[in-house]
Structure formats: structure tokens, C-alpha cells
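The next block holds one structure in the form of C-alpha cells; read it before the comments.
FYI, it's all coordinate maths here, none of it is from the lab. What you see is a predicted model, and the numbers here were worked out from it, not measured in a lab. Here the Cβ positions follow ideal geometry from the backbone for every residue, glycine too, while neighbour counts run over all protein chains shown.
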Amino acid sequence: MAGNTPLGARMLRRKPVSALIAESGGPEEGHLRRSIGLWQLSCIGIGATVGTGIFFVLGSAVPEAGPAVVISFVIAAVTAGLTALCYAELASAIPVSGSSYSYAYATLGEAVAFGVGACLLLEYGVSASAITVTWGQYLNEFCHDVFGFTIPDVIARPPGHGGYFNLPAVVLVALCCLLLIRGARESARVNAVMVGIKLVILVLFVCVGLTGFHSGNLSDFAPLGIGGIGAAASSIFFSFIGLDAVSTAGEEVKDPKRTMPLAIIVSLLVVTVLYIAVAVTAVAAQPWQRFKGQEAGLAQILRDVTGSSWPSVMFALGAIVSIFSITLVVLYGQTRILYSMGRDGMLPARFARVSARTGTPVWNTLVVGAGVALLGAFVPLDVLADLTSMGTLVAFSVVSIGVMVLRRTAPHLDRGFKVPGYPVVPLVSVGFCVYLIQGLHGVTFTLFGIWVAAAAVLYFGYGIRHSRLNGARDHSRQDLPA
């Protein structure tokens, strides 16, 4: 029984892969429904990634690195790519909802899994809030150019940035929650359409922006040196966080062992090529000193290059659609992580309930929506972005370590994809994550420490006592598949 089990053993108990897969269930009532194919799943990855940062991160990253921000994007992309390969292996071996939380539970133990779940709350919940903050900027850009008015700053910006309450952020979250409650299939279809729009818009930016290419803007390529490139890479990594959203859909994907790794790799390739193209175009079309504090910056670059408003209007409209898409997918991912944690007893059972009518976790959607809306309405963007990067990098490191642990504890487990260059790739992935973590601002470490302490209180006060592994046999050894 749990009461006779030492505390250390309870913290380290692992959930067998066979149990995780068995709990994913089938189409019957009480389980998520498998309705998502390769294209829709790839769009979830692209939709959660493209736009999370590229529509606004240049405004903070270019002043840190200058034109060498292109190198910062490459560093961030390599880190994301190495980790994406690790995600692809675990997603094919453990095709369940919960992302790195579920993977950690199967490989590193319950306490680590709960900590990763807390990090994922930062990655998904806080990143969604950061994304919603920027929606109002592009909404105002579009309304100004088309209708000649803007939403007053007092209700269009968070405190500390000229406003008191970011109303557009709240409206955006409400619309996304309504769509998510309707169902995963409907949400995936709408997201696929919006992903197509955002890709067209960003390709338009590259094509038009390159007509304003000035080599002189690249002459002082790294004015702030290697340190500036590293600091910018740490911030830019925020732009790659959506890739692992694919792994949160493990229980709603058709043929997950094949579909999930393919979708992760497709998402990574599309995102990397697009980001680097946009970064090169932006710093070549505008002096790097002008990026600091620039809002709706990519739209402004198009206006300056063409001397007319139509490209910036199109771009602002595309950004509005794109940020809607990102918010939709990130909220989706967060609700599925809470679903997995509730099913494991780490959170109250209500988080594991699924609507019989829509097949979606409605309670989770409402809770996440309320939290994201409040953060987006009242918290400044820079604080949200750095916290998101910290949570993501910690979760990514755990996934890379989890690949190595599972290779040793369950070498015969059926894997639809294996990381090439093992064990070098997982080790290098962890190294890159640590490098980017140390480049974050000091206040981020303080806030993250407070967050982890709060998570520890919740785990020891509730999770460890209500875990479904209480009273079960010892899971310190990983079950091998039959």
C-alpha cells in the first residue's frame, strides 16, 4: 500500500508503457476520439509554431544580436530539430496524450513527470497568453489601414505597456475555446485552413520584402558579438515551441506510430525554412537599429518597402488569422495535458472527464481559457515569452533524456521511428537546451523557481496521495511489451 511505501520510491515510481497505451482506449464513451490524419496533424505542428514568435520576436531579438539574428535562428532551429527527433521516437513508441509529461512518467518517474507537467503549463498556457497579447497589435494595424480607427490603448494593451486591460486577448481566447468545445475534428479542419493562409502570407512577405534588400544593412553583421547571438537565440527559441504540440494529440490520431513522427519532421522542416527566410528578408530590408520597440514590425517593413499600404494590410490580416490559429492549437495542447494528469490522479478527476456529445474535455478548456485570458489581459509580453522558453527548454531536455532511459529499460518496445545517431543526438539536444537556458534573463530564473516550488506544494499536497499508482504493485521496473 502507498502508506507503507517509502517517499523516495513513490516519487520514482514509473507508469508502464503498456498501461499508458491501454488507457488511451478506443472510440467508446469517456475516451478521446481518433479523427486526425497526417495533413491535419502536420498543420497542428505548423499552426502551433509558425507565428508564435515570428510575428513579433524580431522586435526583441534583433536589438540583441543585430543582423546576426539569422545565426540565432539557426541555433534555435538546431536545438528544436534535435529535440524533435527525440519527440518523434517517443511519440511513435508511446502514442498517448500528455506529451513530455506522459513520456517522463514512463521513463523518469512520477515526481519528474509532475514537474514536467508544470513546465508544460508554462509552455502552453503562458505561451498562449503571450501570443494573445500581440493579436491586438495586428488587429489595430488592420483596423487603422482599412477603417481609419484603432482600439484605444487603455483596452488594447496590458499594464506596463500603455494600457490597463487587453480586451482583444480575451476575445481571442473566448473564440478559440468555443471552437475547441465543439470538437477536435472541427478544430483541426479550421486550423488547417488558417495554416494555409499564414504560409501564403509569410511567403508574400519574403517575396515582397526581398525587393527592398540592401546589403548595407548586413555590413555590421554581429555588432553585439557572440553573447548577443546566444541571448537572442534563447529568446527566439520561443518561436519553435509549437513543434511538440503534435505529441499532445497522441490519442486522437489515426495510425499514431507512423503518423506522429512524420508530422513532427514535416512541421520542423517547414517551420525552419520559413523562419530563416523571413529573418534574412527582414534584417536585409530594414536597419537593425529600427527593430527595437517596433510593433507589427513585419507589416511596417512591407509598408516601407512598397510605399503603399496594401501589402501591410494583407500581412496584418494574415497575422490576425495566424495568431488565432496558434492560440487555438496551444490551448488544445494544454487541455490534453491536463486530461492526462487528471486521468493519472495528479489532478482532480474532473480534469479527466470528456463530453459524451463532443468527445472533448470541456472543463479543461474552460479552465485553461480563463487562465490564459487573464494572463493575456494583464501581464506584459516580455515576461510571458521568457517564462515560456524556460518551461519549454526544461521539458525538451527531459524528452531527450527519456529517449535514452527508454532505450535501456525497454529495448524491445515497438518504435515506429528511432533517433538517428543515437546516443549522440539526444546528448547534444540536452547540451543545446542547457546552453539556451543559461542565456535567459535572471528574473526568469526567479519566477521559474517560484513556479516549481508551487508545483512541488501541489504534488506533495495532492498528487502523490491521489496517484492512481497508489496501492498498485511496484513500477520501479519498466514493463516490457508482451
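Once both axes come from the Cα atoms, what is the angle between helix 110-120 and the longest principal axis of the chain, in degrees from 0 to 90, rounded to 10? Between the helix axis and the principal axis of the chain, the angle is about 20 degrees. Residue order for His466, His412, fewest other beta carbons within 10 angstrom first, comes to His412, His466.
Think of the chain as a dipole: +1 on every Lys or Arg Cβ, -1 on every Asp or Glu Cβ, centred on the Cα centre; then among Pro63, Val329, Ser100, Ser100 lies furthest on the positive end. Per-residue ellipticity at 222 nm, computed for the chain from helices alone with -39500 (n - 2.57) per DSSP H run of at least four residues, works out to -21000 deg cm²/dmol. Close lysine pairs were tallied over the chain: pairs 8 or more places apart or on different chains with Cα atoms under 26 Å apart number 7.
Within the chain, which is the longest segment containing none of the GluC sites (Glu not before Pro) that sit in a DSSP loop and have at most 11 other Cβ atoms within 10 Å? Each step should come with its number before you reach the end.
Details: sites that count: Glu28, Glu29.
With a cap of 11 other Cβ atoms within 10 Å, the longest stretch comes to 30-482.
Net charge dipole, the chain: roughly 1300 debye, given to the nearest 20, about the Cα centre with Cβ charges of +1 for Lys and Arg and -1 for Asp and Glu.
Taking only C-alpha pairs under 8 Å that are 6+ residues apart, what is the relative contact order of region 37-466 in percent? Reported as a whole number, the value is 36 percent.
Ordering Val96, Val428, Val17, Val146 by the number of other Cβ atoms within 10 Å of each residue's own Cβ, fewest first, gives Val146, Val428, Val17, Val96.
Which loop trypsin sites (Lys or Arg not before Pro) in region 233-282, with loop taken from DSSP, have no more than 15 other Cβ atoms within 10 angstrom of their Cβ? Walk me through the numbers before you get to the answer.
Values: sites: Lys254, Lys257, Arg258; in loops: Lys254.
The qualifying sites are Lys254.
Among Met194, Met11, Met260, Met314, the ranking by other beta carbons within 10 Å of each residue's beta carbon, starting with the fewest, stands as Met11, Met314, Met194, Met260.
Expressed as a whole percent, the proportion of Cα-Cα pairs in the chain lying more than 28 Å apart is 49%.
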